[in-house]
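J.: First, the structure itself, so that you have it in front of you.
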């Protein structure tokens, strides 16, 4: 049950953040958010072969990074796209 909820949380994180950063023209917030999302992905890939998820400090940084990426995606979602006129 715990594994399924963790995987669901990761899946929802990536589906909430990646489309927002990919659809907008590149800017500082888009690049920073995109870097954080891929940093989380790199951490999770590394965790598949190491015990990073057992360290409280590393897991706290994972949750903090995920929160920052979600906040950046929400800011971009609320920001209106510049008009072509």
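The values are calculated or read from the model by the stated rules, or taken from the named source; none is laboratory data. All figures in this text were calculated on a predicted structure; none of them were measured in a lab. Backbone-built Cβ (ideal geometry, glycine too); neighbour counts: all protein chains shown.
J.: Can you tell which of 27, 32 is at pLDDT below 90 and farther than 19 Å from residue 58 by Cα?
T.: On the way: 32 fails: at pLDDT below 90.
After ruling out the rest, the residue left standing is 27.
J.: Let me ask something additional. At pLDDT 90 or above, assigned to a helix (DSSP H, G or I) and in contact with a helix residue (DSSP H, G or I) (Cβ under 8 Å, 6 or more places away or on another chain): does that describe residue 45?
T.: Working: at pLDDT 90 or above: yes; assigned to a helix (DSSP H, G or I): yes; in contact with a helix residue (DSSP H, G or I) (Cβ under 8 Å, 6 or more places away or on another chain): no.
No; evaluated as a whole, the condition is false for this residue.
J.: Can you confirm whether the range 72-81 contains a residue that is surrounded by 11 or more Cβ atoms within 10 Å (Cβ to Cβ) and within 10 Å of the chain's Cα centre (by Cα)?
T.: The answer is yes, given that some residue of the range 72-81 is surrounded by 11 or more Cβ atoms within 10 Å (Cβ to Cβ) and within 10 Å of the chain's Cα centre (by Cα).
J.: Given the criteria part of a helix (DSSP H, G or I) and closer than 20 Å to residue 7 by Cβ, does residue 67 qualify? So that I can check it myself, show each step before the final result.
T.: On the way: part of a helix (DSSP H, G or I): yes; closer than 20 Å to residue 7 by Cβ: yes.
Taking the combined requirement at face value, the residue satisfies it.
J.: Give the residue that is surrounded by the most Cβ atoms within 10 Å (Cβ to Cβ), with candidates limited to residues of the range 16-44 that are under 9 Å from the mean Cα position of the chain (by Cα) and either touching a residue at least 60 places away in the same chain (Cβ under 8 Å) or farther than 13 Å from residue 72 by Cα (or both). Even if it seems obvious, please write down each step before you answer.
T.: Going through the range 16-44, the residues under 9 Å from the mean Cα position of the chain (by Cα) turn out to be 16-18, 33-41.
Add one more test, that the residue is either touching a residue at least 60 places away in the same chain (Cβ under 8 Å) or farther than 13 Å from residue 72 by Cα (or both), and what stays is 38-41.
On the way: 38: 13, 39: 16, 40: 21, 41: 14.
Per the criteria, the residue is 40.
J.: Quick check: is even one residue across the range 45-54 surrounded by fewer than 13 Cβ atoms within 10 Å (Cβ to Cβ), touching a residue at least 24 places away in the same chain (Cβ under 8 Å) and on the phi < 0 side of the Ramachandran plot? It would help to see each step written out before you state the result.
T.: Step one: of the range 45-54, the residues surrounded by fewer than 13 Cβ atoms within 10 Å (Cβ to Cβ) are 45-46, 48-51, 54.
Subsequent filtering for residues that are touching a residue at least 24 places away in the same chain (Cβ under 8 Å) retains none.
Checked against the condition, which is being surrounded by fewer than 13 Cβ atoms within 10 Å (Cβ to Cβ), touching a residue at least 24 places away in the same chain (Cβ under 8 Å) and on the phi < 0 side of the Ramachandran plot, the range 45-54 yields no hits at all.
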